[in-house]
Amino acid sequence: MVQKKYDQAFMTTFDIDTSALGPDLKYESIQEWDSIGHMGLIAELEDSFDISMEMDDIIDFSSYEKGKEIIKKYDIDI
Amino acid sequence: MYSINNLSYNKVKNKERLCNMIKQEISDDWGCIITPSNNEDIQKLEYNEIVYLFERYGALLFRGFGFPPEKITTVTDQYTERYSGEAQRRPSRYGQKVVHDVDMSGMNMGRGVIGGASVGWHSENGFSPTWPEVIWLYCVTPPEKGGKTMLCDGKALWEALSVKTKSFFTAQPVRYQLEIPIGNKKPGKGIKPWFLNTIGTGDCYIDWDTGILHCTQLRFAVQEGRSGRDLCFSNHLYIDLDTEPQIISRTMADGQEIPESIMEEIHQKADNLTFEHSWEKGDFVMVDNLRFLHARRAYEKDDPRELLLTQTERASFGYGSSLTRKSIN
């Protein structure tokens, strides 16, 4: 369920399907994940998990995989 | 002022046949027209040669290649590491996300000049954290009357300015206070402090209720050119703020306004250096946006003029990578 929510945030924000999710999905690896796309992704994750992310974590959130580690800091077991 | 209407214009000189294209200089210092030597595909032009010509001349006009607007990104992709993010969120044209209408594309971002009014000198998005290195213009339909695009070489302009004016702009950057629509609202989410990893960007936050990114951008009006030897006066100082709602205020970093006498001098000298381009169908222009200012002549509201714009925020080649001391001398 948590994984599904996490994946859905990416798919909704960047208009991609599940095949695009994985280790290769990184900041600027697709056109949609740029500085403005990053704002939308963080907002989507914050809304989905009802959290407010710290700025340092937002900056560190550089890939799909790295994001999983960061989300765990907010007591979300992914 | 000088202009070209066709390739035989007498200002065009030093015609040279390269491996698969013909190069003609517009002037000694800047501007180059590239035409196919034998019906070559524009995608097959020698990459390193084009990079060199671009860095050397700053503005390249590709004419006579006859490729359709649907193929613009097959060319621009070769020279682009990243497109401008803000621009990607404008309405796209011809099925390509990063291709937009020059005259209408800013409207949904809260800006733009209604109808065919003239537009003053500017570097495209010269105020923005995502300032494009290269802009590409494609002419689908030339204007019937008016609507010419003007170019001014910021390198020549800087050289022409008085020491007093130069000192004013080297001493401190310009401060732009910005409100940038991000194309996404989340009513009820409120304010979120933000950080943009670009030099000079500060006081950043997102108002999710309005979908606006607020920030300030400090940027010098002059910057180092691609050769590393020259400075280029390229900025966003002349556009009327009434037509650019993304810019809330524009002052020097210490808060002072730019003196009228300095603005007058810049206008006068820029006018003396103006190059006026008359569009032909299929013209494709590659401009060093960190070097050149461009502007638009007015045209009639119902004129069929259709120009497309693509913004390369970061080029696929290093800044000045083809301009070694050896290659210039």
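Numbers for the structure displayed
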item	result
Amide hydrogen neighbours beyond the local backbone of B:PHE220, cut-off 5 Å, H modeled	B:VAL174
Amide H partners (placed H, <5 Å) of B:MET21, local residues excluded	B:SER37
Hits among aspartates and glutamates - C-alpha to C-alpha of B:LYS145 under 12 Å, sequence gap 8 or more where chains match	B:GLU300, B:ASP302, B:ASP303
Karplus 3J(HN,Hα) series, Hz, for region B:270-285 with 6.51 cos²θ - 1.76 cosθ + 1.60 (x for Gly, Pro)	5, 4, 5, 9, 6, 10, 10, 9, 8, 6, 10, 3, x, 4, 9, 10
Normalised contact order of chain A, rounded percent, pairs of Cα under 8 Å and 6 or more residues apart	34 percent
Of the trypsin sites (Lys or Arg not before Pro) in region B:223-301, those whose Cβ has at most 13 other Cβ within 10 Å and which sit in DSSP loop	B:ARG229, B:LYS281, B:LYS301
Using θ = phi - 60° and Karplus 6.51 cos²θ - 1.76 cosθ + 1.60, couplings along region B:119-129 (whole Hz; Gly, Pro as x)	10, x, 4, 6, 9, 4, 6, x, 9, 8, x
For B:PHE317, A:PHE61, order by how many other beta-carbon atoms lie within 10 Å, fewest first	A:PHE61, B:PHE317
Ranked A:SER52, B:SER322, A:SER62, criterion: other C-beta atoms within 10 Å, fewest first	A:SER52, A:SER62, B:SER322
Amide proton proximity set for B:GLU81, modelled H, under 5 Å, gap of 5+	B:ARG314, B:ALA315, B:SER316
Whole-Hz ³J(HN,Hα) from phi, Karplus 6.51 cos²θ - 1.76 cosθ + 1.60, for region B:159-168, glycine and proline x	5, 7, 6, 6, 4, 4, 5, 4, 4, 4
Within straight-line cross-link reach of A:LYS68, lysines at Cα separation under 26 Å, skipping those fewer than 8 residues along the same chain	A:LYS4, A:LYS5, A:LYS26, B:LYS185, B:LYS186, B:LYS189, B:LYS192
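Values quoted throughout were computed directly from the atomic coordinates according to the rules given, and no laboratory measurement underlies them. All of these numbers come straight from a predicted model, not from anything done at the bench. So basically every Cβ, Gly included, is an ideal-geometry build from the backbone, and we count neighbours across all protein chains shown.
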